[in-house]
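What follows is one structure encoded as structure tokens, with my remarks underneath.
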Amino acid sequence: MRVNVTEGSLEVRLATWEKVLGLMKDLHLPLGDIGDVRVVEQPMREVRGSGLKAGLRLPGVRYVARTVRLDQAFLLKRGEQAISFTVRNHDPLQSVMVSVPDAPQLAKQLGGKARR
């Protein structure tokens with residue numbers, strides 16, 4: 001999984017095996033559709049009890065999955081902080097949490113470019 005911020009969008013690119021086992025595709029979100037960006041220190045704790053539907057679920061190790069209502073996506077790796085943000089104009093998706101090695105830096109970068 002790779003997270004890239006371009007001039008106008010945030011891209012989360014999944015490896016082929018993550019797409020197949022996680023039943024998800026790459027995310028391409030315009031920065032204007034992203035809001036409420038925050039750093040999540042312990043994302044594995046927050047994902048518990050969230051009502052995951054389908055996808056790759058290795059509790060405490062790796063998640064590439066969405067909730068029952070498909071409104072939340074979790075793309076997490078053990079040992080990494082994550083960023084969490086809200087999404088608009090991509091129904092039913094409303095929020096995303098994704099692990100990144102430089103979460104505070106990326107949150108700061110997105111906070112300045114995303115909608116408020």
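Structural remarks
- Residue within the range 53-68 that is under 14 Å from the mean Cα position of the chain (by Cα), of a type in the set (Ser, Thr, Tyr), surrounded by 15 or more Cβ atoms within 10 Å (Cβ to Cβ) and within 14 Å of residue 93 (Cβ to Cβ) present: yes
- Selection count where residues are surrounded by fewer than 19 Cβ atoms within 10 Å (Cβ to Cβ) and under 12 Å from the mean Cα position of the chain (by Cα), scope the range 94-116: 2
- Residue in the range 102-116 that is modelled with pLDDT under 95, assigned to a loop (DSSP other than H, G, I, E, B), under 19 Å from residue 18 (Cα atoms) and of a type outside the set (Phe, Trp, Tyr) present: no
- Count of the range 87-100 residues which are β-branched (Val, Ile, Thr), outside any loop (DSSP other than H, G, I, E, B) and touching a helix residue (DSSP H, G or I) at 6+ places or on another chain (Cβ under 9 Å): 2
- In the range 1-52, of all residues being without any contact (Cβ under 8 Å) to a residue 12 or more places away in the chain and part of a strand (DSSP E or B), the one that is farthest from residue 107 (Cα to Cα) corresponds to 2.
The values are calculated or read from the model by the stated rules, or taken from the named source; none is laboratory data. These numbers were taken from a predicted model, which means no experiment stands behind them. So basically every Cβ, Gly included, is an ideal-geometry build from the backbone, and we count neighbours across all protein chains shown.
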